[in-house]
1. Which pairs have Cβ atoms under 8 Å, sit 6 or more apart or on different chains, and link a residue in region 396-419 that is over 13 Å from Phe366 (Cβ atoms) and at pLDDT 90 or above to one that is near ligand 2 (Cβ under 9 Å from one of its atoms) and in a loop (DSSP other than H, G, I, E, B)?
2. Would you confirm whether any residue within region 314-324 is in a helix (DSSP H, G or I) and either acidic (Asp, Glu) or within 16 Å of ligand 1 (Cβ to nearest atom) (or both)?
3. Go through region 397-411 residue by residue and tally those that are in contact with a Leu (Cβ under 7 Å, 6 or more places away or on another chain) and of a type outside the set (Lys, Arg).
4. Please go through (1) away from ligand 2 (no atom under 13 Å from the Cβ); (2) within 14 Å of Leu387 (Cα to Cα) for Leu438 and return the number of the only condition it doesn't satisfy.
5. Any idea how many residues of region 120-157 are in a helix (DSSP H, G or I), open to solvent by 30 Å² or more (accessible area, probe 1.4 Å) and of a type in the set (A, V, I, L, M)?
6. Restricting the search to region 470-490, which residues are in a helix (DSSP H, G or I), over 16 Å from Leu545 (Cβ atoms) and either in contact (Cβ under 8 Å) with a residue 40 or more places away in the chain or open to solvent by 30 Å² or more (accessible area, probe 1.4 Å) (or both)?
7. Taking into account only those residues within region 513-557 that are within 16 Å of ligand 1 (Cβ to nearest atom) and modelled with pLDDT of 85 or more, which is farthest from Val395 (Cα to Cα)?
8. Output the number of residues of region 407-435 satisfying the condition of being among the aliphatic types (A, V, I, L, M) and within 16 Å of ligand 1 (Cβ to nearest atom).
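The values are calculated or read from the model by the stated rules, or taken from the named source; none is laboratory data. From a predicted model like this one, the values you see are computed outputs, not experimental measurements. Every residue, glycine as well, gets a Cβ built from its backbone with ideal geometry; the counts of neighbours run over all protein chains shown. To get the accessible areas, we keep the full protein, side chains included, count just its heavy atoms, and leave off ligands, DNA and RNA. Shrake-Rupley method; radii C 1.70, N 1.55, O 1.52, S 1.80 Å.
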Amino acid sequence: MKFTVRRLKRHWVRALLFVVLASLGVLFTIATALSVADFLKLLFNDNVSGGDSVPGNLVARALEWLYSRLIVYGTGKALVFFSLFVLATYTMKNLFCYLAAVTMARLRCHLVKELRDDLFDKSLRMPVGYYVTHRKGDMLSRFGGDIIEYEENVINALQSFVNAVVSMFFYLLMLFYINVKLTGFVLCMLPLIVFVVSSVTRRLRRNSVELQERGARLTAMMEESLTGLKIIKAYTAIDYFNRQFRKQDDAYTRLRVSVFRRIDMASPVSDFLGNGIVIGILLFGSMLVMRSDQGLTPELFVSYITLFVLMIPPAKELTTAISQMKKGRGCEERLQGMLEEDEEPGPGGVALEALRSGIAFRHVSFRYGDVDASGAVRPWVLDDINLSIPKGRQVALVGSSGSGKSTLADLISRFYDVSQGEILLDGRPLRDYDIASLRSRIGVVAQDTMLFNDTVAANIAYGYPQATRRQIEQAARVANAHEFIMRLPDGYDTNIGDHGDTLSGGQRQRISIARAVLHQPDILILDEATSALDTESERQVQQALEQVLQGRTALIIAHRLSTISRFDEIVVLEEGRIVERGSHHDLMAAGGRYSELVRLQQTDADTTLFTATDTDKALE
Ligand SMILES: Nc1ncnc2c1ncn2[C@@H]1O[C@H](COP(=O)(O)OP(=O)(O)OP(=O)(O)O)[C@@H](O)[C@H]1O
Ligand SMILES: [Mg+2]
């Protein structure tokens, strides 16, 4: 609750307004209920003495006084007046209830919006390493499920709670005012009702938690299946997935049926109790009315019962609100925990204007966190790396899959911080630089090209919104992408769909190359995609890279060794260690790991060639 109250403080004016409007709504409801008494008095044309028949009760006296003023105009006219009066109070009541609801709706929407904005911002500010130890799915469920649950259970409950407390406060005040004894009697009965009703709802709550979890599991299954639709179809696993889903759905439905049974049960139970109390009041109240010295006139007694009946819904609301708040506590804590996680360092440190001498790794070791989820010590991914990339030079990094190439590249952008040793940029540790200014000087073409559902131009200009169309086109030309972009239906304004699904792998890569080029980075990091491109796309991507690399400081991670033979230095990484380095020529002559990798790739290529000709022959 503290979390919510703190967030609510920013909106205290609106919150206060809500309380005031809700109070006015209740006051007018009470006024309407009280006018009923006067109606009755008029109908039965009671003897009016001018206001002192009921000693000690201000409300009763005030009403009597009003009545005596009116009755002089005749019963008919007075009735009309009362009708209008009741209509007016009723309208006012509705008006204030409406205004209170509108105020609250705005407040709720803004609270939820702020929470959503904060979570989104947080998810981006969290260091990349956060997602090594936490599942991305948790963040997503925070964003989806928890926000909805928060609105339903916490904000809703808070609204009901305030509403109920305000209503009950005024109703009880009024009831006490009308008759203290009778109200005392009612208050004694109340705990009994609360106890019975809450014991029914408690069980209901326990089940509904399970219900939610099972429901979420179904959604997760749907999501998973849609993500893996191609695989499901490819392995003809539709029946299998259907069976799995139905099994979960059956259990979910059984639970739903039983929950509904309980809900239907809850209402008659509380109804019975409510009626029991009303009958009790009727009995006790009538006795008081009959003894005229108790200050309770028949009309006031009717008003009393009306007010009491009006008080039952807020009383119910209060118990539900309290149980909802308890239920929402978990969700509140999860959201709060997420929002209080450590962020990446903010602005500060040396601004990187331009690269002067180069980058150097000094005895760098790295692992993804110290221990994994089960408490086991994680292995070193990089082990004692020493490497220099002087300004204007290009270093190629090769090695088998999982040897740590992408990880090494990520350290330069400070997506992760080194575990041991240090990385120097122009002789200064990377940590000394302002992280944003460092990243703005680095262009990254990542292994898995990341495009967003937006236009081609917007995708190229990501993070550089001030880029002109001319600059974007220029970058696209360098990346060998201009021609295919012009062939798209709307050229640079074509929307490329989710993750750029409407483009081929080679086209996606060339767009991300254009993106890196547009920034005119001092340091370029290219992590070649492993996805096999056809020879034509590969050639185009290759040409693009060659144009881009001219005269730049770059780290190129290469999978196709044929493409890197001309680089200044080739570094071979195996299991996180540098096992060889040198030019293509030297390494081939040395006959070590590099030459082995080259030979393996050549055999692969030959095999493919051989199989192809073989098939061709067979076809002939
Ligand atoms: N986010 C991560 N969390 C935990 N371990 C990781 C993470 N990313 C990579 N690893 C592990 O670190 C090791 C090196 O991975 P990395 O991606 O750097 O290899 P790579 O050389 O780029 O491989 P590839 O050629 O397949 O791209 C692997 O064993 C991998 O399982
Ligand atoms: Mg990689």
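1. Val398/His559
2. Checked against the condition, which is being in a helix (DSSP H, G or I) and either acidic (Asp, Glu) or within 16 Å of ligand 1 (Cβ to nearest atom) (or both), region 314-324 yields at least one hit.
3. Here the count works out to 8.
4. (2)
5. 4
6. Correct list: Arg470, Gln471, Ile472, Glu473, Gln474, Glu483, Met486, Arg487.
7. Asp527
8. Looking only at that region, the number is 6.
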